[in-house]
């Protein structure tokens, strides 16, 4: 269960600058969640790494494409449960300078897929790293900004409210999208309907969210399409066909 909304207003009240010279205004929040970084168990310093992520609509206000829309993710280290009320100087001792595995993995997977010109994933526009100020949840802890394309269409969160014929059409488009990801050697591990966007006009699916993903380098580890994927992602022929598999709860997502 998410304890609170962590991303402070001071991070979003002004346009966010990136190293490419563009600036982006932060608009409506889409969602916010927390992650337990599973890689944190291997840390030599013993720090439990908890990360919050908020996703926003964004608009370019400085740069060559004024008015261009995007999606901005702000990811930041937050205090582990029980430490959020410590004094700022005490919390500072928990600060981690290097972004967590899940922050790095999303950037790496998007870069990898973009380089291979995968059409089923958003374009990564820019990213940047900063550190939290004394008034923020974990002074000195990292803040990561990830700016990406706003893909056409809408989330499939309401997939089961669509007519049966339309659902079947979407399934075909989803198979093409996931098969393309597998062809480009990336395996997403967060199979939820809200991580699929469907562009009805072009009958095309996009797969979002790569913090829980794997880039495959060994032939034996490569994935291929299996019809079971429809059920795994909540797209079974009938609602009762859907199965619980690798849900976000298993990754500490709240």
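Just one of [x] 1.05; [y] 1.22; [z] 0.97 is Cα Rg over 2.2 N^0.38 Å as worked out from the coordinates here. Which one is it?
Matching entry in [x] 1.05; [y] 1.22; [z] 0.97: [x].
Could you work out the helix-only [θ] at 222 nm for the chain, with each DSSP H run of four or more residues adding -39,500 (n - 2.57) and the total divided by the number of residues, to the nearest 500 deg cm²/dmol? List each step's numbers first, then the result.
Working: 4 runs with 45 residues, N = 254.
My calculation for the chain gives -5500 deg cm²/dmol from helical runs alone.
How far is helix 164-183 tilted off the main Cα axis of the chain, in degrees rounded to 10, range 0 to 90?
Its long axis makes an angle of about 60 degrees.
Output the relative contact order of the stretch 9-149, whole-number percent, from Cα pairs under 8 angstrom with separation of 6+ residues. Walk me through the intermediate numbers first.
Values: 279 pairs, mean separation 32.0, N = 141.
Normalised by residue count, the contact order of the stretch 9-149 is 23 percent.
Could I have the simple spin-label model distance between residue 20 and residue 164, label points 7 Å from Cα toward Cβ, reported in nm to one decimal?
Here the answer is 4.5 nm between the modelled labels.
For helix 101-115, what angle does its Cα long axis make with the longest principal axis of the chain, in degrees from 0 to 90 and rounded to 10?
50
For an R0 of 41 angstrom, estimate the FRET efficiency from the Cβ-Cβ distance between residue 4 and residue 68 and round to the nearest 0.05.
Plugging the Cβ-Cβ distance into 1/(1 + (r/R0)^6) gives 0.80.
First measure r as the distance between the Cβ atoms of residue 239 and residue 179, then evaluate 1/(1 + (r/R0)^6) with R0 = 25 Å and state the FRET efficiency to the nearest 0.05. Intermediate results must be reported in sequence, preceding the final value.
Numbers: r = 24 Å, r/R0 = 0.95.
My answer for the efficiency is 0.60.
Hey, what did the chain get for relative contact order, percent, Cα under 8 Å, at least 6 apart? Don't jump to the answer; show the numbers that get you there.
Details: 492 pairs, mean separation 44.7, N = 254.
This gives 18 percent for the chain.
Between the stretch 176-194 and the stretch 84-123, what is the separation of their alpha carbon centroids in Å?
Measuring centre to centre over Cα atoms gives 20 Å.
Bear in mind these aren't lab numbers, they're just calculated from the coordinates by the rules spelled out. The model shown is predicted, which means the values in this text are computed figures rather than measured ones. For neighbour counting, all protein chains shown are included, and Cβ atoms are generated from backbone atoms with ideal geometry for every residue, glycine included.
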